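Notes follow the structure.
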Amino acid sequence: MIPVVLDQLLFSNMGFVVLLKGEGDDRVLPIFIGTVEARAIALYNNKVKVPRPLTHDLMKNLLDFMECNIKRIEVHALREGTFIARLIIEREGVESEIDSRPSDAIALALLTSVPMYVDEKVMDEAGRVMEGFELEKEKKTAEQENNLSPLDVLKKDLQDAVEEERYEDAARIKKEIDRIENEHSDN
């Protein structure tokens, strides 16, 4: 197993993609994920507190109540183009595996600060050297250093998408902005 970290969370023309990067490895593992999971990953990665528990908070609370600890998450297989992950949990000194979507496993790993791993065979098969993302990464890092909120970053991404005439991306980004703003107005 290769220890990995969350390298980037991006919005592409195909939706959200999370990039897991191996320690001492030039490759990243791109995994396409849903909007809800992308939001949770972004919130947990940025240590943003929400007023009400999200689904992953609920999962953690249930595991805590049952006195189970998440030890690590593993992206351990790739079957017919679908990544397969698992949570390794411990209860009373006994480890067990729970099947999971990678996006949910990553969100829980970020929430609970546990290590993440990718099987070497999975990284060999699907890992990519993504030099083209370095510029995007530097741009996101600069935005974070300027203390832009995730909502501000989305608004900037919307502006960029419109200027670049990527209207499908702009529509998706606008929908996400509206959803976030509606949630904040409800609280």
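Since every read-out is calculated from the coordinates, none of them should be taken as a lab result. Note that this is a predicted model, so its numbers are computed, not measured. Counting neighbours? That spans all protein chains shown, and the Cβs are built from the backbone with ideal geometry, glycine included.
Using alpha carbons only, how many degrees (0 to 90, rounded to 10) separate the axis of helix 35-45 from the longest principal axis of the chain?
Between helix and principal axis, roughly 80 degrees.
Tell me the Rg and the Dmax, in Å, that the Cα atoms of region 1-58 produce.
Over region 1-58's Cα set, Rg and Dmax evaluate to 12.8, 38 Å.
Ignoring everything except DSSP H segments at least 4 long, calculate the 222 nm mean residue ellipticity for the chain; use -39,500 (n - 2.57) per segment, divide by total residues, nearest 500.
So the helix-based figure for the chain works out to -14500 deg cm²/dmol.
Could you give the spread of the C-alpha atoms of region 44-119 along their three principal axes, from largest to smallest, in whole angstroms?
Sorted from largest, the Cα extents of region 44-119 read 38, 30, 17 Å.
Compute the acute angle (0 to 90°) between the alpha-carbon long axis of helix 55-65 and the principal axis of greatest extent of the alpha-carbon atoms of the chain; round to the nearest 10°.
20
Could you work out how far helix 133-145 tilts from the main Cα principal axis of the chain, as a 0 to 90 degree angle to the nearest 10?
The two axes meet at around 80 degrees.
Neighbour counts of other C-beta atoms within 10 Å: give me Glu80, Glu97 arranged from fewest to most.
By the 10 Å Cβ count, ascending, the order reads Glu80, Glu97.
Compute the signed sum of charges (Lys and Arg +1, Asp and Glu -1) over the other residues within less than 13 Å, Cβ to Cβ, of Pro102.
Net charge around Pro102: -2.
Please state the shape class of the chain: rounded when a/c is under 1.5, otherwise prolate if a/b exceeds b/c and oblate if not, all from the C-alpha gyration tensor.
Oblate is the answer for the chain, as a/c is 1.5 or above yet b/c matches or exceeds a/b.
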